[in-house]
Ligand SMILES: Cc1cc2nc3c(=O)[nH]c(=O)nc-3n(C[C@H](O)[C@H](O)[C@H](O)COP(=O)(O)O)c2cc1C
């Protein structure tokens, strides 16, 4: 390997392997299919479901990200396109945004992929506490009123918040099963976050949820 190429390789490897550096945002991240034969029995996962606020900084593996987002609100019945979480009249109005160090993405359930929204680290703005800025992943749940035509705003928020709660619990249970830490959060400067995310007037932030490895975990 020529010296220059070797130097470039070493830099790329250092970025990839950690050292606090961040990989460049990708326009689209195809997620691995969920491994349906893994995880702990439901009753054990329920017994471990808890909020935790200490997170290691290392990023989640792609396989974990794929499993987590599918568990959250992925398509579990391809024939109908229905999801792991319920929604009123199957409106599927809750959008899941993933704030990672390399950028802000939207989970696209039909293609099971993350689609880049902004190549900007907005993690610190996803909550008023300190840990969201350093945890590898903050999910932000947003109601898309374009999917609730004719529904009064208050009713759309109520239904969307209930659907979000189901997604939140799916994520908690996946985390309990996979040995990840998580906490749902409502303490957010929603105006500042909506601006940083580039949301429009027909989008409403419900809550955010931080996910990561517990400190010291392998
Ligand atoms: C709607 C909602 C909003 C919450 N907001 C926050 C928050 O902003 N920050 C936080 O650290 N925890 C937040 N929590 C987590 C609760 O504090 C936590 O669920 C509660 O203390 C019970 O603990 P457990 O989840 O371990 O059972 C929130 C929970 C819910 C349901």
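What are the pairs, 6+ residues apart or on separate chains, where a residue within segment 110-131 that is more than 15 Å from the ligand (Cβ to nearest atom) has its Cβ under 6 Å from a residue that is part of a helix (DSSP H, G or I)?
Once the first residue is more than 15 Å from the ligand (Cβ to nearest atom) and sits in segment 110-131, its partners that are part of a helix (DSSP H, G or I) give 122/196.
Does residue 164 satisfy being at negative phi and part of a strand (DSSP E or B)?
no
From the list 75, 96, 29, which one is more than 26 Å from residue 181 (Cβ to Cβ) and modelled with pLDDT of 95 or more?
Result of the check over 75, 96, 29: 75.
Give me the residue from segment 192-211 that is within 14 Å of the ligand (Cβ to nearest atom) and part of a strand (DSSP E or B) and, out of that set, farthest from residue 145 (Cα to Cα).
This residue is 211.
Which residues, counting only those in segment 143-191, are within 10 Å of the ligand (Cβ to nearest atom) and in contact with a strand residue (DSSP E or B) (Cβ under 7 Å, 6 or more places away or on another chain)?
161, 164, 168, 172, 182, 183, 184, 185, 186, 188, listed by residue number.
Please go through segment 69-96 and give me each residue that is under 11 Å from residue 143 (Cβ atoms) and part of a strand (DSSP E or B), ordered by number.
94, 95
Can you find even one residue in segment 173-194 that is surrounded by fewer than 22 Cβ atoms within 10 Å (Cβ to Cβ) and within 19 Å of residue 75 (Cα to Cα)?
Taking every residue of segment 173-194 in turn, at least one turns out to be surrounded by fewer than 22 Cβ atoms within 10 Å (Cβ to Cβ) and within 19 Å of residue 75 (Cα to Cα).
The values are calculated or read from the model by the stated rules, or taken from the named source; none is laboratory data. Keep in mind that this is a model prediction, so the values were computed, not measured. Cβ: placed from backbone, ideal geometry, glycine included. Neighbour counts: every protein chain shown.
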